[in-house]
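Asker: Sending over a structure as structure tokens; questions will come in a sec.
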Amino acid sequence: MSSNEKIDLSQLDFSSFKKTVNKPYSCVENEGCLLVLTEVVELAKPNDPRVKRVPFVLVFKAPSNFPIQQAVYELANEELGHLEVFLVPVSSSEEHVTLEATFT
């Protein structure tokens, strides 16, 4: 895989991201900006046999100067590679911005 080839998110699950908790993800659009995956929360699996993976939420912390807008961001992680993730800001403080991505 080339270093900039994007990962197919449908191939990743809770355990894929759990291995990268407390590890940095660089934001390609905001050079030099590092986000840290602080939490991976598994949600209840719907009672539907068509559901292939258990839904989960990723929680990231970003520097306080990170743009506070929901958008698709290209993130790069040493273990997972390049990912395009829809991030939604859920809180901010003087120290950091908290963003979430939900996978169903």
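Asker: Just want to confirm a number: the relative contact order over the chain, from Cα pairs under 8 angstrom separated by 6+ residues, in percent. Please report the intermediate quantities before stating the final value.
Answerer: Details: 215 pairs, mean separation 29.2, N = 104.
Reported relative contact order: 28 percent.
Asker: Same structure, new question: If you take every DSSP beta bridge whose two residues both sit in the chain, what share of them, in percent to the nearest 5, is antiparallel?
Answerer: 95
Asker: What are the extents of the Cα atoms of region 52-99 along their three principal axes, in Å, largest first?
Answerer: If we take the Cα atoms of region 52-99, the spans are 38, 23, 17 Å.
Asker: Principal axis extents for the chain, Cα atoms only, whole Å, descending order, please.
Answerer: Each principal axis gives a Cα extent; for the chain these are 43, 34, 22 Å.
Asker: Enumerate the residues in region 80-96 having an amide nitrogen under 20 Å from the point lying 7 Å beyond the Cα of Asn30 toward its Cβ.
Answerer: 81-96
Read-outs: derived from the displayed coordinates by stated rules, not from any lab. All values reported here derive from a predicted model rather than from experimental measurement. Here the Cβ is made from the backbone with ideal geometry for all residues, glycine too, and neighbour counts use every protein chain on show.
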